[in-house]
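Here's the structure we're looking at; comments come further down.
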Amino acid sequence: MKRITLAFAMAAVLTGTGLAQTFETIKLLPHSTERGGNLMQAFQHRASEREYGVTDLTLQDLSDLLWAANGINRPESNKRTAPTAQNKQEISLYVVKYEGAYRYDAQTNVLEPVTAGDHRAIVADRQEFAQFAPVILVIVGDYSVFPAERNMALVDAGYVSQNIYLFCAGNGMSTVARGTMKTDELAEILKLPEGQRPILNHPVGYRK
Ligand SMILES: Cc1cc2nc3c(=O)[nH]c(=O)nc-3n(C[C@H](O)[C@H](O)[C@H](O)COP(=O)(O)O)c2cc1C
(Lines give C-alpha, C1' and ligand atoms only; values in the text may rest on other atoms or scores of the structure.)
Protein backbone atom coordinates (compact mmCIF):
# COMPACT_ATOMS: atom_id res chain seq x y z
CA MET A 1 0.00 0.00 0.00
CA LYS A 2 2.81 2.37 0.98
CA ARG A 3 4.58 1.54 -2.29
CA ILE A 4 1.46 2.38 -4.24
CA THR A 5 1.09 5.77 -2.51
CA LEU A 6 4.76 6.55 -3.15
CA ALA A 7 4.35 5.73 -6.85
CA PHE A 8 1.28 7.93 -6.85
CA ALA A 9 3.25 10.81 -5.34
CA MET A 10 6.06 10.43 -7.87
CA ALA A 11 3.48 10.46 -10.66
CA ALA A 12 2.22 13.73 -9.23
CA VAL A 13 5.67 15.21 -9.52
CA LEU A 14 6.36 13.90 -12.99
CA THR A 15 3.05 15.05 -14.40
CA GLY A 16 3.47 18.60 -13.10
CA THR A 17 2.39 21.24 -15.57
CA GLY A 18 5.37 23.50 -15.71
CA LEU A 19 6.29 24.84 -12.26
CA ALA A 20 9.97 24.28 -11.66
CA GLN A 21 10.72 21.42 -9.30
CA THR A 22 14.05 23.01 -8.39
CA PHE A 23 13.92 24.86 -5.10
CA GLU A 24 14.42 28.53 -5.87
CA THR A 25 12.45 31.78 -5.75
CA ILE A 26 9.25 31.48 -7.77
CA LYS A 27 8.26 34.72 -9.50
CA LEU A 28 4.48 34.70 -9.48
CA LEU A 29 2.43 36.09 -12.37
CA PRO A 30 0.20 39.17 -12.12
CA HIS A 31 -3.24 38.09 -10.97
CA SER A 32 -6.10 37.87 -13.42
CA THR A 33 -9.49 39.35 -12.49
CA GLU A 34 -11.02 37.92 -15.70
CA ARG A 35 -11.72 34.50 -14.24
CA GLY A 36 -13.52 32.71 -11.47
CA GLY A 37 -17.01 32.86 -12.92
CA ASN A 38 -19.89 34.00 -10.86
CA LEU A 39 -19.58 34.69 -7.13
CA MET A 40 -22.97 33.15 -6.36
CA GLN A 41 -21.89 29.95 -8.13
CA ALA A 42 -18.72 29.88 -6.04
CA PHE A 43 -20.90 30.04 -2.90
CA GLN A 44 -23.02 27.26 -4.37
CA HIS A 45 -19.95 25.02 -4.89
CA ARG A 46 -18.08 25.93 -1.68
CA ALA A 47 -17.43 22.66 0.16
CA SER A 48 -14.71 20.77 2.01
CA GLU A 49 -13.20 18.29 -0.42
CA ARG A 50 -10.60 15.71 0.56
CA GLU A 51 -9.51 14.27 -2.79
CA TYR A 52 -7.15 16.10 -5.14
CA GLY A 53 -5.85 15.59 -8.64
CA VAL A 54 -2.13 14.82 -8.67
CA THR A 55 -1.25 17.40 -11.32
CA ASP A 56 0.71 20.40 -10.07
CA LEU A 57 -1.03 23.77 -10.27
CA THR A 58 -0.05 25.99 -13.17
CA LEU A 59 1.91 29.10 -12.26
CA GLN A 60 -1.09 31.27 -13.17
CA ASP A 61 -3.42 29.24 -10.96
CA LEU A 62 -0.99 29.31 -8.04
CA SER A 63 -0.46 33.06 -8.50
CA ASP A 64 -4.19 33.78 -8.61
CA LEU A 65 -4.92 31.47 -5.67
CA LEU A 66 -2.40 33.30 -3.47
CA TRP A 67 -3.58 36.71 -4.56
CA ALA A 68 -7.21 35.78 -3.89
CA ALA A 69 -6.24 34.31 -0.51
CA ASN A 70 -4.36 37.30 0.85
CA GLY A 71 -2.87 39.40 -1.92
CA ILE A 72 -2.70 43.19 -2.15
CA ASN A 73 -5.78 44.49 -3.94
CA ARG A 74 -5.27 48.21 -3.17
CA PRO A 75 -1.58 49.01 -3.72
CA GLU A 76 -2.11 52.67 -2.81
CA SER A 77 -2.93 51.68 0.79
CA ASN A 78 -1.24 48.27 0.78
CA LYS A 79 -4.50 46.65 1.80
CA ARG A 80 -5.48 43.09 1.03
CA THR A 81 -8.19 40.76 -0.23
CA ALA A 82 -8.75 39.60 3.38
CA PRO A 83 -9.49 42.04 6.22
CA THR A 84 -7.58 42.08 9.52
CA ALA A 85 -8.58 43.62 12.82
CA GLN A 86 -7.16 47.17 13.04
CA ASN A 87 -5.46 46.45 9.69
CA LYS A 88 -2.67 44.70 11.61
CA GLN A 89 -1.97 42.38 8.64
CA GLU A 90 -0.63 39.74 11.00
CA ILE A 91 -1.50 36.83 8.71
CA SER A 92 1.17 35.24 6.50
CA LEU A 93 0.82 32.51 3.92
CA TYR A 94 3.26 29.68 3.30
CA VAL A 95 3.20 27.16 0.47
CA VAL A 96 4.34 23.60 1.10
CA LYS A 97 5.10 21.62 -2.05
CA TYR A 98 7.06 18.57 -3.14
CA GLU A 99 10.33 20.45 -3.52
CA GLY A 100 10.12 22.61 -0.38
CA ALA A 101 8.33 25.20 1.73
CA TYR A 102 8.01 28.80 0.56
CA ARG A 103 6.82 32.09 2.05
CA TYR A 104 4.41 34.18 -0.02
CA ASP A 105 5.61 37.78 -0.30
CA ALA A 106 2.57 39.73 -1.46
CA GLN A 107 4.55 42.95 -1.95
CA THR A 108 6.99 41.53 -4.46
CA ASN A 109 4.66 38.76 -5.70
CA VAL A 110 7.17 35.99 -5.21
CA LEU A 111 7.44 32.74 -3.29
CA GLU A 112 10.62 32.85 -1.23
CA PRO A 113 12.27 29.50 -0.52
CA VAL A 114 12.33 28.72 3.22
CA THR A 115 13.21 25.02 3.65
CA ALA A 116 13.96 22.45 0.94
CA GLY A 117 12.42 18.97 0.91
CA ASP A 118 8.99 17.44 0.93
CA HIS A 119 7.35 18.33 4.26
CA ARG A 120 3.76 17.68 3.25
CA ALA A 121 3.51 14.66 5.59
CA ILE A 122 4.21 16.98 8.55
CA VAL A 123 1.31 19.18 7.48
CA ALA A 124 -0.94 16.20 6.72
CA ASP A 125 -0.28 14.66 10.16
CA ARG A 126 -2.76 11.78 10.64
CA GLN A 127 -4.90 12.71 7.59
CA GLU A 128 -3.02 10.98 4.78
CA PHE A 129 -5.30 12.38 2.07
CA ALA A 130 -3.61 15.78 2.52
CA GLN A 131 -0.10 14.47 1.98
CA PHE A 132 -0.23 14.19 -1.81
CA ALA A 133 -2.06 17.38 -2.65
CA PRO A 134 0.28 19.22 -5.04
CA VAL A 135 0.06 22.36 -2.92
CA ILE A 136 -0.68 22.92 0.76
CA LEU A 137 -1.23 26.51 1.89
CA VAL A 138 -0.44 27.20 5.55
CA ILE A 139 -2.09 30.18 7.20
CA VAL A 140 0.17 31.60 9.90
CA GLY A 141 -0.81 34.20 12.49
CA ASP A 142 1.34 36.55 14.52
CA TYR A 143 -0.29 36.35 17.95
CA SER A 144 2.05 38.94 19.40
CA VAL A 145 0.33 41.93 17.77
CA PHE A 146 -2.84 41.66 19.91
CA PRO A 147 -3.38 41.54 23.66
CA ALA A 148 -4.03 37.96 24.83
CA GLU A 149 -7.57 38.71 26.03
CA ARG A 150 -8.59 40.04 22.61
CA ASN A 151 -6.52 38.09 20.13
CA MET A 152 -7.93 38.40 16.62
CA ALA A 153 -5.36 36.27 14.74
CA LEU A 154 -7.67 33.23 14.70
CA VAL A 155 -10.55 35.34 13.42
CA ASP A 156 -8.43 36.97 10.72
CA ALA A 157 -7.15 33.55 9.57
CA GLY A 158 -10.77 32.57 8.92
CA TYR A 159 -11.21 35.24 6.25
CA VAL A 160 -8.15 34.00 4.37
CA SER A 161 -9.46 30.46 4.66
CA GLN A 162 -12.82 31.44 3.18
CA ASN A 163 -11.08 33.32 0.33
CA ILE A 164 -9.22 30.09 -0.48
CA TYR A 165 -12.45 28.07 -0.37
CA LEU A 166 -14.25 30.47 -2.70
CA PHE A 167 -11.38 30.76 -5.17
CA CYS A 168 -11.15 26.96 -5.37
CA ALA A 169 -14.92 26.58 -5.70
CA GLY A 170 -14.99 29.02 -8.60
CA ASN A 171 -11.95 27.67 -10.43
CA GLY A 172 -12.22 23.89 -10.54
CA MET A 173 -10.05 23.21 -7.51
CA SER A 174 -10.66 21.26 -4.32
CA THR A 175 -9.66 22.21 -0.79
CA VAL A 176 -10.49 21.83 2.89
CA ALA A 177 -9.62 23.99 5.89
CA ARG A 178 -7.65 21.89 8.35
CA GLY A 179 -6.62 22.53 11.93
CA THR A 180 -4.91 19.15 11.90
CA MET A 181 -1.10 19.40 11.43
CA LYS A 182 2.09 18.82 13.40
CA THR A 183 2.14 22.43 14.47
CA ASP A 184 5.45 22.55 16.38
CA GLU A 185 7.42 20.70 13.70
CA LEU A 186 5.83 22.79 10.99
CA ALA A 187 6.70 26.03 12.82
CA GLU A 188 10.33 24.91 12.72
CA ILE A 189 10.23 23.98 9.04
CA LEU A 190 8.71 27.36 8.23
CA LYS A 191 11.30 29.09 10.47
CA LEU A 192 8.59 31.10 12.15
CA PRO A 193 9.71 33.90 14.43
CA GLU A 194 8.67 33.95 18.10
CA GLY A 195 4.95 34.65 18.45
CA GLN A 196 3.92 33.28 15.04
CA ARG A 197 1.99 30.00 14.77
CA PRO A 198 0.37 27.97 12.00
CA ILE A 199 -3.41 28.29 12.44
CA LEU A 200 -4.97 26.42 9.50
CA ASN A 201 -3.79 24.66 6.38
CA HIS A 202 -5.46 24.07 3.01
CA PRO A 203 -4.44 21.23 0.70
CA VAL A 204 -5.28 22.35 -2.83
CA GLY A 205 -5.46 20.41 -6.08
CA TYR A 206 -7.50 20.26 -9.23
CA ARG A 207 -10.95 18.75 -8.74
CA LYS A 208 -10.96 15.02 -9.48
C1 LIG B 1 -11.48 25.85 11.80
C2 LIG B 1 -11.72 24.58 11.01
C3 LIG B 1 -10.89 23.49 11.20
C4 LIG B 1 -11.08 22.32 10.44
N5 LIG B 1 -10.20 21.28 10.58
C6 LIG B 1 -10.34 20.18 9.80
C7 LIG B 1 -9.39 19.12 9.86
O8 LIG B 1 -8.42 19.17 10.61
N9 LIG B 1 -9.55 18.07 9.03
C10 LIG B 1 -10.60 17.99 8.15
O11 LIG B 1 -10.68 16.99 7.42
N12 LIG B 1 -11.53 18.97 8.07
C13 LIG B 1 -11.42 20.06 8.87
N14 LIG B 1 -12.32 21.10 8.76
C15 LIG B 1 -13.41 21.02 7.77
C16 LIG B 1 -14.75 20.72 8.45
O17 LIG B 1 -14.80 19.37 8.85
C18 LIG B 1 -15.88 21.05 7.45
O19 LIG B 1 -15.87 22.44 7.19
C20 LIG B 1 -17.23 20.63 7.98
O21 LIG B 1 -17.34 19.23 8.03
C22 LIG B 1 -18.39 21.16 7.15
O23 LIG B 1 -18.25 20.72 5.81
P24 LIG B 1 -18.23 21.78 4.61
O25 LIG B 1 -17.00 22.65 4.76
O26 LIG B 1 -18.17 20.95 3.35
O27 LIG B 1 -19.46 22.60 4.71
C28 LIG B 1 -12.15 22.24 9.52
C29 LIG B 1 -12.98 23.36 9.33
C30 LIG B 1 -12.76 24.52 10.05
C31 LIG B 1 -13.66 25.72 9.79
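A few notes on this one:
- Between the range 118-192 and the range 49-67, the alpha-carbon center distance in angstrom: 15 Å
- Take each peptide in 74-81, 193-200, count the other Cβ atoms within 10 Å of every residue, and average; sorted highest first, the result is 193-200, 74-81.
- Sequence-distant contacts, meaning Cα pairs under 8 Å at least 6 residues apart, place the relative contact order of the range 2-206 at 26 percent.
- For the chain, the membrane-span-like helices by this rule, meaning whole DSSP H stretches whose C-alpha atoms cover at least 24 Å of axis and whose Kyte-Doolittle mean is -1.0 or above, are 153-170; this says nothing about an actual membrane.
- Rounded to two decimals, the Cα-based Rg/Rh of the range 2-206, with Kirkwood Rh, is 0.94.
- On a per residue basis, the chain carries 49 Å² of accessible surface, using protein heavy atoms and a 1.4 Å probe.
- Set of lysines with alpha-carbon distance to LYS97 below 24 Å, sequence-local pairs under 8 removed: LYS2, LYS27, LYS182, LYS191, LYS208
- Assigned charges on the beta-carbon of Lys, Arg, Asp, Glu; the range 2-206 dipole about Cα centre (debye): 280 debye
- Net charge, LEU57 excluded, C-beta distance under 13 Å - Lys, Arg +1, Asp, Glu -1: -1
- Ellipticity estimate at 222 nm from DSSP helix runs (n ≥ 4, -39,500 (n - 2.57)) divided over the chain, nearest 500: -9000 deg cm²/dmol
The values are calculated or read from the model by the stated rules, or taken from the named source; none is laboratory data. Everything numeric here is computed off the predicted structure, so don't read it as measured data. Glycine also receives a Cβ, built like all others from the backbone with ideal geometry; neighbour counts cover every protein chain displayed. Ligands, DNA and RNA are stripped out before the accessible areas are found, and what is left, the full protein with its side chains, is counted by its heavy atoms. Shrake-Rupley method; radii C 1.70, N 1.55, O 1.52, S 1.80 Å.
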